[in-house]
1. Suppose the filter is over 30 Å from residue 414 (Cβ atoms), at pLDDT below 95 and more than 15 Å from the ligand (Cβ to nearest atom); does residue 140 pass it?
2. Would you mind stating whether residue 211 is in contact (Cβ under 8 Å) with a residue 60 or more places away in the chain and in contact with a strand residue (DSSP E or B) (Cβ under 9 Å, 6 or more places away or on another chain)?
3. Residues 218, 190: which one is surrounded by 13 or more Cβ atoms within 10 Å (Cβ to Cβ) and touching a residue at least 24 places away in the same chain (Cβ under 8 Å)?
4. Considering only residues that are in a helix (DSSP H, G or I), in contact (Cβ under 8 Å) with a residue 60 or more places away in the chain and not assigned by TED's automatic domain parsing to the domain that holds residue 393, look in the range 285-325 and name the one that is surrounded by the fewest Cβ atoms within 10 Å (Cβ to Cβ).
5. Please find, among 91, 76, 121, 61, the residue that is within 16 Å of the ligand (Cβ to nearest atom) and either under 22 Å from residue 290 (Cβ atoms) or in a loop (DSSP other than H, G, I, E, B) (or both).
6. Looking for whichever is closer than 22 Å to residue 275 by Cα, in contact (Cβ under 8 Å) with a residue 12 or more places away in the chain, out of contact with any helix residue (DSSP H, G or I) (no Cβ under 9 Å at 6 or more places or on another chain) and surrounded by 15 or more Cβ atoms within 10 Å (Cβ to Cβ) here; the options are 47, 6, 55. Which one fits?
7. Looking at residue 443, is it in contact with a strand residue (DSSP E or B) (Cβ under 6 Å, 6 or more places away or on another chain) and either at pLDDT 95 or above or assigned by TED's automatic domain parsing to the domain that holds residue 325 (or both)?
8. Name the strands (runs of 3 or more DSSP E) wholly inside the range 230-281 in which the number of residues that are touching a residue at least 60 places away in the same chain (Cβ under 8 Å) is 3 or more.
Ligand SMILES: [Zn+2]
């Protein structure tokens, strides 16, 4: 297909993107190359992590690039639910608000519940106003592209590197659209095993067991598609040569995939996905929270996150500060301290979820980033206090990790659950200029190395609403003098 680009719109939007933040040299030109010369498939569900690694752009900058590109209208964001079993993109939504974490894969005949850190992928597709690609209109695709590029995910691979689409392609016996009213016949050789049929447009499936002695000559088998179902949906066939006839008795187009699995068939190991941008990573990215403020999570149950690191800060004796220098001055100082902390969080791929009074709640992908940020916060506040002769602003920081539920509170994505409660209580036990972390945070790879120059004191505490004592590691600001 000829590439048609809306030059005027592209030029204007690229200028907007250029101005949105400072980019490293060549980032925008590489991005423009993709839009101008990439084939249709390379502009469909782009994985920013992959684009970054292929073009020498850091992960954080590549994510920012596509988030800003979405904001200015160059790309559209896709929230996809991936099937853990078969690599099928089960559902895709343009916004987080439509995402439901409960889903059903028709191909696997199984229900799944996705968490933000596993099977929820965020990818980006070129905006049709900038450049139209065939994938904007999936019904225009060839049947091969429809199944192997649109239905199945780009990144589903087996441990030996084989892509699921390549495995499925080897098993295909019949692959066809079936227009309303259409009859089609296919002559195929069917050995013993299983025949699995799947109509991806109508979510209809059928299963034939191929067993017994092979029959000579050509056998006939016909199937009718009526009221959204193929009949017969189940049958036993003898192995041999067949003419399969399909008749579409509905007003809907069918897209039929018939695959044959030999009796001794097994997949080359467990399916996994190449690294992609997870829903959790997006929600813990400050740029996303800044640009897409109104993105909300639907429903009251929220969406689970299996593992997230939560950091709370608060100010030591802020009432004394307000009393000492007056409300206005104190407020200005507190605002400055928010700005400083926000920059530190942003630098280490975290996001501020909210501020509560003089306190901050921030989330991170892992404890290493969170502890790194906490140390950076103490350091920055020390320098801040040096330039200010009045009352010191002293931080008390707490960090904990665990599972949580992402929900919408006050129209913003927020987190809920025991991990949040414990993080907040761990923070409350901290003294001025001190970081308190739970054992899970302390035990995370790299954290002890980060803390090797600091005094770490192990304590135990009973937290309100938490059963049993928990271990708390208290990190003092002052580095140990060697
Ligand atoms: Zn599946």
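1. On the way: over 30 Å from residue 414 (Cβ atoms): yes; at pLDDT below 95: yes; more than 15 Å from the ligand (Cβ to nearest atom): yes.
So residue 140 fits the description; yes.
2. Details: in contact (Cβ under 8 Å) with a residue 60 or more places away in the chain: no; in contact with a strand residue (DSSP E or B) (Cβ under 9 Å, 6 or more places away or on another chain): yes.
In short, no.
3. On the way: 218 fails: surrounded by 13 or more Cβ atoms within 10 Å (Cβ to Cβ).
Answer to the selection: 190.
4. Step one: filter the range 285-325 for residues in a helix (DSSP H, G or I), giving 286-291, 318-325.
Applying the additional criterion that residues be in contact (Cβ under 8 Å) with a residue 60 or more places away in the chain yields 286-289, 291, 320-321, 324-325.
Then keep just the ones that are not assigned by TED's automatic domain parsing to the domain that holds residue 393; that gives 286-289, 291.
On the way: 286: 20, 287: 21, 288: 23, 289: 19, 291: 16.
Per the stated criteria, the residue is 291.
5. Working: 91 fails: either under 22 Å from residue 290 (Cβ atoms) or in a loop (DSSP other than H, G, I, E, B) (or both); 76 fails: within 16 Å of the ligand (Cβ to nearest atom); 61 fails: within 16 Å of the ligand (Cβ to nearest atom).
When all the criteria are applied, what remains is 121.
6. Working: 6 fails: closer than 22 Å to residue 275 by Cα; 55 fails: out of contact with any helix residue (DSSP H, G or I) (no Cβ under 9 Å at 6 or more places or on another chain).
Only one candidate qualifies: 47.
7. Values: in contact with a strand residue (DSSP E or B) (Cβ under 6 Å, 6 or more places away or on another chain): no; either at pLDDT 95 or above or assigned by TED's automatic domain parsing to the domain that holds residue 325 (or both): yes.
Considered against the rule, which asks whether it is in contact with a strand residue (DSSP E or B) (Cβ under 6 Å, 6 or more places away or on another chain) and either at pLDDT 95 or above or assigned by TED's automatic domain parsing to the domain that holds residue 325 (or both), residue 443 comes out as no.
8. Numbers: elements: 234-237, 240-248, 254-262.
Strands (runs of 3 or more DSSP E) meeting the threshold: 240-248, 254-262.
The values are calculated or read from the model by the stated rules, or taken from the named source; none is laboratory data. Bear in mind the structure is a predicted one, so any value in this text is a computation, not a measurement. Glycine gets a Cβ as well: all are built from the backbone with ideal geometry, and neighbour counts include every protein chain shown.
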